[in-house]
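Inspection log for the structure reproduced underneath, given as structure tokens.
The values are calculated or read from the model by the stated rules, or taken from the named source; none is laboratory data. Note that the coordinates shown come from a computational prediction; the quantities given were computed from them, not determined experimentally. Glycine also receives a Cβ, built like all others from the backbone with ideal geometry; neighbour counts cover every protein chain displayed. Heavy atoms of the whole protein, side chains included, go into the accessibility calculation; ligands, DNA and RNA do not. Shrake-Rupley method; radii C 1.70, N 1.55, O 1.52, S 1.80 Å.
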Amino acid sequence: MKKSLEDHAARFDELADEYDESNADEYRACANLVIEHAAPAADEVVLDLGTGTGAIALALAPDATRVVGRDISDGMMERAAEKATEQGLENVAFDYGTFRDPAYDGPVDIVTSNFAMHHLSDTEKREAIAVIAELEPRKFVLGDVMFFGEPDPDEPFYSPAVDDPATVGLLADAFTDVGFSLTAVERVHDQVGVLVAERSPSDSATPTKPAQDE
């Protein structure tokens with residue numbers, strides 16, 4: 001992670017009010033694909049990591065029994081909670097949590113995340129995916145900045161000062177190493193995509209997660 005959690009939280013606190021209007025077309029396309037692939041059943045629980053202002057969580061709430069949003073930015077979650085109230089959604093809850101420590105120990109069927117994991121280093125991404133696997137979801141839908149090929153250094157989609165995207169190959173390996181199978185790969189842009197990783201109930205046992213440092 002190029003900046004501390006506190007630095008990232010403070011930056012997103014400042015962006016919270018205008019965040020929904022400031023996102024690029026690729027972000028919106030990615031979010032739509034995450035929602036489409038998540039497709040929770042009426043009796044399923046969704047954990048949305050890096051929930052931000054709730055774009056994914058609020059879209060999935062009408063179809064799920066419960067949606068739990070986790071983020072490091074109080075400002076973003078306050079905006080998400082306001083939107084949930086405006087929309088009359090009562091089955092959504094937001095609280096502090098990180099990828100490597102979601103602060104959630106309840107049942108979860110589907111994990112989602114959109115445009116958040118790229119702030120972690122490659123090692124931290126592997127640790128995060130291992131931690132999430134231990135929650136035993138049947139599906140993890142990840143939309144993010146990721147490299148399908150060599151990024152053009154003159155036209156990066158990401159900000160090198162705060163972002164640290166991984167290659168699609170590294171992410172795929174991280175999923176398969178903890179028992180997931182990659183069932184879909186959606187390319188939105190050379191540097192943006194959606195990965196869908198799934199496990200059958202018999203695959204619920206996962207390797208011991210790596211040591212965490214947060």
Going residue by residue through segment 64-69, the Karplus relation 6.51 cos²θ - 1.76 cosθ + 1.60 with θ = phi - 60° gives ³J(HN,Hα) values, rounded to whole Hz and with x marking Gly or Pro, of 9, 6, 7, 10, 10, x
Karplus-derived 3J(HN,Hα) from phi for segment 90-107 (6.51 cos²θ - 1.76 cosθ + 1.60, θ = phi - 60°), whole Hz, x at Gly and Pro, runs 10, 9, 10, 9, 10, 7, 5, x, 10, 4, 8, 8, x, 6, 8, 10, x, x
Placing each pseudo-label 7 Å from Cα in the direction of the beta carbon, Ser200 and Asp105 end up separated by a distance in nanometres of 3.1 nm
Residues whose modelled amide H sits under 5 Å from the amide H of Thr98, counting only those 5 or more places away in sequence or on another chain, are Ala103
With Ile110 itself left out, Lys, Arg at +1 and Asp, Glu at -1 over residues whose Cβ is under 13 Å from its Cβ give -4
Rounded to the nearest 10 Å², the 1.4 Å probe accessible area of Asp74 is 90 Å²
The set of residues whose placed amide H lies less than 5 Å from the amide H of Ala166, leaving out same-chain residues fewer than 5 positions away, is Phe147
